[in-house]
1. Anything over 21 Å Cα to Cα? Flag those among Lys131/Lys239; Lys46/Lys124; Lys90/Lys224; Lys124/Lys242; Lys90/Lys247; Lys175/Lys239, in the order listed.
2. Taking Cα extents along the principal axes in Å as the quantity of interest, determine which of [x] 69, 42, 40; [y] 45, 44, 36; [z] 64, 43, 36 was computed from the displayed structure.
3. Considering only segment 20-260, what is the antiparallel percent among its DSSP beta bridges, to the nearest 5?
4. Segment 108-172: which chymotrypsin sites (Phe, Trp or Tyr not before Pro) are DSSP loop and have at most 16 other beta-carbon atoms within 10 angstrom?
5. In degrees between 0 and 90, to the nearest 10, how far off the longest principal axis of the chain does helix 4-16 point, with axes built from Cα atoms?
6. At a Förster radius of 35 Å, what calculated FRET efficiency corresponds to the Cβ-Cβ distance of Leu240 and Ala140, to the nearest 0.05?
7. Under the 0.36 nm per residue contour assumption, what length would be gained going from the current alpha-carbon distance of Glu65 and Leu156 to full extension?
8. Might you report the magnitude of the Cβ-based charge dipole of the chain about its Cα centre, with Lys and Arg at +1 and Asp and Glu at -1, to the nearest 20 debye?
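What follows is calculated from the coordinates using simple rules that are stated; it is not laboratory data. Predicted, not measured: the structure shown is a model, and the values here were computed from it. Heads up, the Cβs are rebuilt from the backbone with ideal geometry, glycines too, and the neighbour counts pull from every protein chain shown.
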Amino acid sequence: MPNIRLVLACALLLVAGPALAHFGVILPSDDIIAQNESRTLELQVKFIHPAEGQYMEMARPQRFEVHRGGKREDLLPALEAVTFQSAGQKTPVRYWRAAYQVRRPGDHTFFVEPTPYWEAAEDKFILHYTKVCVSAFGLAGSWDQPLGVETEIVPLSRPYGLWTGNLFSGQVLLKGNPLPFAEIEVEYLNEAAIGEQLSFPAGPFVAQTLKADNQGFFHYAMPKAGWWGFAALSDADWKLQKDGEGKGVELGAVYWVRATDL
């Protein structure tokens, strides 16, 4: 006969424990390419809990592209599947990678629209529109241009060449319009393969949460060197079908930036 008190305690811990935040990820091998550096970028496309280093199974994305100087290049054919099993997970999952040859100077904004992810625990789909910007050969100018996708973060701070402690500012758009009082989750990419593996003193430190103002503007100072993800969440005004029933969709406008120690 199971110990009823123990069962109840475990159940309370599961209910009270912090929900793991989902983030789409585009991780480039560098955020700045100088004239004398390699012109090949390695790009990883993932769906993960960044601070915990846990991966979710990611189906082949619907769109993967790079935008430079007002032009769009389809990179979907370049994606290759990678099978990976992170620590503490019982089964391997897929993420994606691609190599991109940088040929021209300028800001390169990489964008992915994934296949919607069904999250049974929340009884809804998750769809994160994810961006990252890479500077090439010293020519800047288009890092603050929106892509015109369903939802996105448009940076107000140049999203590369950031020092640790710099303020990253952005505006959240939904269908091209400012999203008032958007909720934004911020997480550090906490992977041993990238840098130091961190531990956190309590659940609220894992995913920082802030609200945008009435025009969708937000600001956050990054306290540690490494990659930081910003996910602005909203609910779609449309549904997707699951087993013949319409289900809600969580939209995420996700942006990744890298902070470097001075």
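1. Pairs exceeding the cut-off: Lys131/Lys239; Lys90/Lys224; Lys90/Lys247.
2. Checking each listed value against the structure points to [x].
3. Here the share of antiparallel DSSP bridges comes out near 85 percent.
4. Those that pass, being in a loop and sparsely packed, are Phe137.
5. Between helix and principal axis, roughly 20 degrees.
6. 0.35
7. Here the answer is 30.6 nm.
8. Rounded to the nearest 20 debye, it is 340 debye.
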